[in-house]
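The values are calculated or read from the model by the stated rules, or taken from the named source; none is laboratory data. Treat the numbers as computed from the prediction; the structure is a model and nothing was measured. Counting neighbours? That spans all protein chains shown, and the Cβs are built from the backbone with ideal geometry, glycine included. The protein model used for the area step is the full one, side chains on, heavy atoms only, and it has no ligands, DNA or RNA in it. Shrake-Rupley method; radii C 1.70, N 1.55, O 1.52, S 1.80 Å.
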Amino acid sequence: MSIRDVYIVDAVRTPIGKFGGALSSVRPDDLAAHVVRALVDRSPALDPARVDDVFFGDANGAGEDNRDVARMAVLLAGLPVSVPGVTVNRLCGSGLEAVIQAARAVALGDVSVAIAGGVESMSRAPWVLQKPERAFPAGHQQLHSTTLGWRMTNPRMPAEWTVALGEGAELIADKHAISREQQDAFALASHQKAAEAWAKGLYDGEVVPYGGVDLARDECIRDSTSMEALAKLKPSFRRDGGTVTAGNASPLNDGAAALLLVDEAGLRETGREPLARIRASAVTGIEPQLFGLGPVEAVRRALAKAGRGFADLTAFELNEAFAAQSLGCLAEWPELDPAVVNPRGGAIAIGHPLGASGARLAGAVAHQLAAAGSGTGLAALCIGVGQGLALVLER
């Protein structure tokens with residue numbers, strides 16, 4: 001069996017909304033349908049019936065995501081009912097996992113044209129009620145939030161594994177002696193780069209605003225923030241000596257992203273020049289409490305598979321779950337030039353709608369490579385419960 005080349009023809013995303021903000025009234029299946037429809041409309045030469053499968057990442061699935069949000073998006077987007085859809089969950093890496101699974105299907109010849117993406121509405125994530133052990137309980141029952149983090153944790157899990165995500169970031173700050181000032185400076189740079197990229201129109205080619213919602217750009221970017229303003233924020237997870245705050249961590253968000261992946265035959269049908277080609281991917285595991293360092297080994301393995309090194313990178317989108325987490329990863333890649341990382345801002349400013357983030361990163365890298373004309377790009381995320389995921393693109 002020959003392995004086919006896999007091309008990214010196009011990539012779109014919504015502006016990222018803040019928790020309880022402009023997109024909070026929009027269901028996640030409608031957000032997903034919006035980017036699927038927009039992606040199809042941007043390749044008018046491609047018959048929508050030629051889409052062989054739709055892969056979508058979604059970290060929740062407990063509410064209006066309705067278990068298989070990929071299939072819901074296909075139907076709500078008005079694609080032919082013959083187009084199937086599958087939803088995948090690798091928590092924060094779900095959107096990138098969808099891209100990788102779609103690319104694998106194209107490479108193996110299982111499909112010729114695929115849509116891959118991700119969606120999350122953290123605003124609309126429901127509370128869930130665990131079923132009682134016996135019928136008709138007389139006492140009160142507890143609701144669990146599905147917005148973020150551990151819930152209904154198995155008591156067999158060691159306590160050191162199940163710390164809050166922010167405490168995990170504090171552990172990385174301890175491990176690499178990352179100060180509060182370093183984290184705040186990293187966060188400030190994220191906002192400045194994102195604001196500058198929007199001002200220059202660098203996101204115009206990939207962002208597709210949601211109709212009827214007054215949101216033209218990412219909602220969490222703070223153009224006027226400063227080191228002084230960030231320094232006033234209190235630590236969120238450790239009262240004494242804590243360094244992780246709401247200002248140097250990614251916010252809670254709503255949004256969706258999608259990419260069009262094809263083989264050579266599919267590329268001819270689109271009549272378009274591809275943004276980039278998928279080269280390699282890797283996934284790794286790490287101690288759950290150190291989840292933020294998950295990308296370290298995944299990135300090294302993906303680059304090795306691609307026959308590339310850090311010096312070859314033109315663009316690198318690293319998800320900024322926390323400034324401490326990102327700085328911890330960078331500290332373990334001394335060969336990497338930090339200037340290539342998140343040149344248009346990262347998740348601390350843009351936002352981190354869990355299931356959508358990986359697809360956003362892959363799309364961002366593809367667009368940056370297209371703008372550069374050539375080069376090697378990398379998208380990577382840390383993943384809660386201790387995993388890392390990375391994808392190498394080329395043009």
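Can you give me the convex hull volume of the Cα atoms of the range 223-349, divided per residue and expressed in Å³?
Output value, Cα hull per residue: 167 Å³.
Post the alpha-carbon centroid distance, the range 104-120 to the range 318-337, in whole angstrom.
So the two Cα centres are separated by 29 Å.
Pull out a ≥ b ≥ c, the square roots of the eigenvalues of the alpha-carbon gyration tensor of the range 123-274, then state rounded if a/c is under 1.5, prolate if not and a/b is larger than b/c, and oblate in the remaining case.
Numbers: a/c = 2.02, a/b = 1.22, b/c = 1.65.
Here the range 123-274 falls in the oblate category.
What size of dipole, in debye to the nearest 20, comes out for the chain about its Cα centre when the only charges are +1 on Lys and Arg C-beta atoms and -1 on Asp and Glu C-beta atoms? Please list the in-between numbers first.
Working: 37 positive and 45 negative charges, 82 e Å.
That gives the chain a dipole magnitude of about 400 debye.
Per the helix-only calculation at 222 nm, which mean residue ellipticity applies to the chain, given -39500 (n - 2.57) for every DSSP H run of n ≥ 4 and division by its residues, nearest 500 deg cm²/dmol?
Roughly -9500 deg cm²/dmol at 222 nm, from the helical runs in the chain.
Could you give the length gained by full extension between Arg239 and Ser82, i.e. 0.36 nm per residue of separation minus their alpha carbon distance, to one decimal place?
51.1 nm
When DSSP assigns beta bridges and you keep just the ones with both residues in the chain, what percent turn out antiparallel, to the nearest 5?
70 percent
Over 30 Å between Cα atoms, which of Lys18/Lys193; Lys200/Lys234; Lys200/Lys305; Lys18/Lys200; Lys18/Lys234 qualify?
From Lys18/Lys193; Lys200/Lys234; Lys200/Lys305; Lys18/Lys200; Lys18/Lys234, over 30 Å: Lys200/Lys234; Lys200/Lys305.
Kindly sort Tyr203, Tyr210 by accessible area of their heavy atoms, largest first, with the probe set to 1.4 Å.
Tyr210, Tyr203
Please work out the FRET efficiency for the pair Ala265 and Lys305, using the Cβ-Cβ distance as r and a Förster radius of 25 Å; give the result to the nearest 0.05.
0.50
How far, in nm, would the chain grow between Arg67 and Asp223 when pulled straight, counting 0.36 nm per residue and subtracting the alpha carbon separation?
Value of the extension gain: 52.4 nm.
Need the list of aspartates and glutamates near Lys232 for cross-linking: C-alpha distance under 13 angstrom, and skip anything on the same chain fewer than eight residues off.
Glu181, Asp184
Run the 1.4 Å probe and let me know the accessible area of Trp161, rounded to the nearest 10 Å².
100 Å²
Taking only protein heavy atoms and a 1.4 Å probe, what accessible area per residue, in Å², does the chain have with all protein chains in place?
I get 40 Å² per residue for this part.
Can you tell me how much longer the chain between Met1 and Trp127 gets when fully stretched, taken as 0.36 nm per residue apart minus their C-alpha distance, in nm with one decimal?
40.7 nm
What are the extents of the Cα atoms of the chain along their three principal axes, listed from largest to smallest and rounded to whole Å?
60, 59, 44
In Å and whole numbers, how far do the C-alpha atoms of the range 263-335 stretch along each principal axis, longest first?
46, 24, 20
Heavy atoms only, probe 1.4 Å: what % of the accessible area of the chain goes to carbon and sulfur, would you let me know?
Whole-percent figure for carbon plus sulfur exposure: 52.
Calculate the dipole size of the range 197-240 relative to its Cα centre from +1 charges on Lys and Arg beta carbons and -1 charges on Asp and Glu beta carbons; express the result in debye to the nearest 20.
360 debye
When the convex hull of the Cα atoms of the range 1-154 is projected onto a plane and the area is averaged over all directions, what value comes out in nm²? Each step should come with its number before you reach the end.
Numbers: hull surface 48.3 nm².
That works out to 12.1 nm², a quarter of the Cα hull's surface.
What does DSSP give for the range 283-395 in terms of the percent of beta bridges that are antiparallel, rounded to the nearest 5?
If we restrict to bridges inside the range 283-395, about 65 percent are antiparallel.
Using the scaling law 2.2 N^0.38 Å as the reference, what is the normalised Cα Rg of the range 70-155?
Output field value: 1.52.
Take the eigenvalues of the Cα gyration tensor for the range 274-395, scale each by 5, and report the square roots as semi-axes in whole Å, largest first.
Its equivalent ellipsoid spans semi-axes of 21, 16, 13 Å.
Between Lys232 and Thr153, what's the calculated FRET efficiency when r is the beta-carbon distance and R0 is 30 Å? Round to 0.05.
Values: r = 33 Å, r/R0 = 1.11.
According to the calculation, E is roughly 0.35.
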